[in-house]
Amino acid sequence: MQFKLNGKLQSYDGDPAMPLLWYVRDIARLSGTKFGCGMGLCGACTVHHNGKAVRSCVTPMSTVAGQQIVTIEAIASPDKLHPVQIAWIENSVPQCGYCQSGQIMQAVALLAETPKPTDEQIENAMAGNICRCGTYQRIRAAIKQAAGAKA
């Protein structure tokens, strides 16, 4: 099968049931997407599948044929951060940082669908992303800031 990963055509002829996360980390050698729970519950492995946030640990390779997959490594250009990344830095969101790539990917997908989200929309969209350090208030503030920056 073929698919695009961060804009580059990829070929895969292995086990169609293998999780996308293992392709991203072990074959493509992109380490930004993290393994958290392995059951799609924590959000550390969030990537974009045709622009929608998905949990790559439970996304089988069979579902990505002909599709576009984007990881944290490709949401910004080499010389310019994404507005969500800028807001994350300015709001000092990360503590340990482990969940942050998944949090950012979820936030980017939210803002692509809902450019000016309410607090409730932010809560609903981000509910599946767990931050063990509890930086949820800063995450919400960063999303609101990025929403303003995108306007």
Residue by residue, what Karplus-based ³J(HN,Hα) values in Hz, rounded to whole numbers, does segment 105-119 have, using 6.51, -1.76 and 1.60 with θ = phi - 60° and x for Gly and Pro? 4, 5, 5, 4, 5, 4, 5, 5, 8, 9, x, 10, x, 7, 4
GNM flexibility winner over the chain from Q121, Q106, Q68 (Cα, springs under 10 Å): Q121
Positive minus negative residues near Y136 (Lys, Arg vs Asp, Glu; Cβ under 12 Å): +1
Taking only DSSP H segments of four or more residues, each worth -39500 (n - 2.57), what value at 222 nm results for the chain once the sum is divided by all its residues, to the nearest 500 deg cm²/dmol? -9000 deg cm²/dmol
Efficiency by 1/(1 + (r/R0)^6): what FRET value for N124 and S31, r their Cβ-Cβ distance, R0 = 30 Å, to the nearest 0.05? 0.55
Tell me which label goes with the value of volume of the Cα convex hull per residue in Å³ computed from the coordinates here: [x] 114; [y] 156; [z] 104. [z]
Using θ = phi - 60° and the Karplus form 6.51 cos²θ - 1.76 cosθ + 1.60, what ³J(HN,Hα) does each residue of segment 51-68 get, whole Hz, x for Gly and Pro? x, 9, 6, 9, 8, 5, 6, 10, 9, x, 4, 4, 8, 9, 4, x, 9, 10
Going down the table (K8/K144; K8/K80; K80/K144), which pairs top 24 Å between alpha carbons? K8/K144
Contact order normalised by length for segment 83-150, with contacts defined as Cα pairs under 8 Å and 6 or more residues apart; what percent is it? 52
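Where a number appears in this text, it was derived from the coordinates with a stated rule and is not lab data. Note that the structure is predicted; figures quoted are calculated from it, not measured. Note that we place each Cβ from the backbone using ideal geometry, even for glycine, and neighbour counts take in every protein chain shown.
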